[in-house]
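Since the structure comes first, as C-alpha cells, the remarks are kept for the end.
None of the figures in this text is laboratory data; all of them are computed from the coordinates on show. The shown structure was predicted, so the numbers you read here are calculated from the model rather than taken from an experiment. Cβ: placed from backbone, ideal geometry, glycine included. Neighbour counts: every protein chain shown.
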Amino acid sequence: MAMELIASREQMFIIGLLTLLGGLAIVTTHNVWQGWPTIITVFGWIFVVGGALRILFPDVVRSIQGAALDKSMLPARPSSAPGCATSATSREPLHPATAQRTLRPFRGVPEASG
C-alpha cells in the first residue's frame, strides 16, 4: 500500500500539502520550547520540513522512500546459518540453549528449604 501512495507525483503533492498544513497547525498553536511539551513542537517542525520536501522535491523523496520500502526490516533467517537447530514440526529456529531440552510442565514455585 505504501508503494502505491508514492507512485504518482499528484499523490506525493497531496500528502506533502496535508503534512505541511498539519505541521503548520501544530507549530502555530503549540510553539512551546520548555519542558516535555517541546516534543510536540519538534514533531510539528518535522512535519513542516517533511511536507515542504515532498512538495518541492517529490522525485528525491520518492526515491528515498522507495529505497527504504525495498529494504527488508527483518534480519536474515537464522535457519540458513550452518549448525542452527530447527523445530521438527514448524521448521522454526530454536534457541541454541534450548534446542536439546524438552519443556516440562510448570508445577508451581518450589518452597524454600530451611
Going from the fewest other Cβ atoms within 10 Å to the most, one would list ILE15, ILE64 as ILE64, ILE15
What is the spin-label model distance, in nm, from ILE46 to LEU17 if the labels are put 7 Å beyond Cα along the C-beta direction? 2.5 nm
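What FRET efficiency comes out for THR28 versus ILE64 if R0 is 30 angstrom and r is the Cβ-Cβ distance? Round to the nearest 0.05.
The formula returns an efficiency of 0.60 here.
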